[in-house]
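*Asks:* For reference, the structure I am asking about is given below.
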Amino acid sequence: MKINVLNKNYEADKGLRMMTEKKLARISRLVGAGSECTVTFSKTGSTESLELALSCKMGMYKAESSSPNMHANVDPAVTKLFAQISKDKERRADTKQQSRPDCLKVTAPEDENL
């Protein structure tokens, strides 16, 4: 997964970037190799926020978290993104199973002697 980092009124240190990349590695298992994630660190007044925007073949996902401490924003944002992707994958799997033709569904054989 390719990760782009943007800073808006905030300068993210190397430790914060490494922690974010490590947490996003968990998500890369779900979305595959051709995905791209944009991480935006920003500060407005005393509030620091983190925004994750993930683009992959399944679609676009966004998650945001705000608090006075930027390091505390990483876990909630990654958890929200992980939940969105998991829910979407489950929904796609359910839809795929429901759209199977009747000829492929397994049914019990009927007994003609009764």
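*Asks:* Out of the residues in region 56-67 that are in contact with a helix residue (DSSP H, G or I) (Cβ under 9 Å, 6 or more places away or on another chain) and closer than 23 Å to R92 by Cβ, which is surrounded by the fewest Cβ atoms within 10 Å (Cβ to Cβ)?
*Replies:* K57
*Asks:* Of the residues that sit in region 1-47 and are aliphatic (A, V, I, L, M) and exposed (fewer than 13 other Cβ atoms within 10 Å of the Cβ), which one is farthest from K89 (Cα to Cα)?
*Replies:* Within region 1-47, the match that is farthest from K89 (Cα to Cα) is M18.
*Asks:* Give just the number: which of (1) surrounded by fewer than 17 Cβ atoms within 10 Å (Cβ to Cβ); (2) at pLDDT 95 or above does A77 not satisfy?
*Replies:* (1)
*Asks:* Can I ask one more? Please state which of the following conditions K43 fails to meet, knowing it meets all the rest: (1) touching a strand residue (DSSP E or B) at 6+ places or on another chain (Cβ under 7 Å); (2) assigned to a strand (DSSP E or B).
*Replies:* Single failed check for K43: (1).
*Asks:* Further question: Quickly run through region 1-58 and pick out the residues that are more than 15 Å from the chain's Cα centre (by Cα) and in contact (Cβ under 8 Å) with a residue 40 or more places away in the chain.
*Replies:* Selection gives Y10, A12, L16, M19.
*Asks:* I'd like the full set of residues that are without any contact (Cβ under 8 Å) to a residue 40 or more places away in the chain, touching a strand residue (DSSP E or B) at 6+ places or on another chain (Cβ under 7 Å) and either more than 25 Å from M18 (Cα to Cα) or part of a helix (DSSP H, G or I) (or both), limited to region 59-87.
*Replies:* Listed by number, the residues that qualify are N73, P76, A77, K80, Q84.
*Asks:* Continuing with the same structure: Those residues that are within 18 Å of A83 (Cβ to Cβ) and in a strand (DSSP E or B), I need them from region 47-58; list them, please.
*Replies:* If the condition is that a residue be within 18 Å of A83 (Cβ to Cβ) and in a strand (DSSP E or B), then L50, E51, L52, A53, L54, S55, C56 are the ones that fit.
The values are calculated or read from the model by the stated rules, or taken from the named source; none is laboratory data. What you are looking at is a predicted structure, and each value in this text was computed from that prediction instead of being measured. Ideal geometry is used to build each Cβ from the backbone, glycine not excepted, and the neighbour counts take in all protein chains shown.
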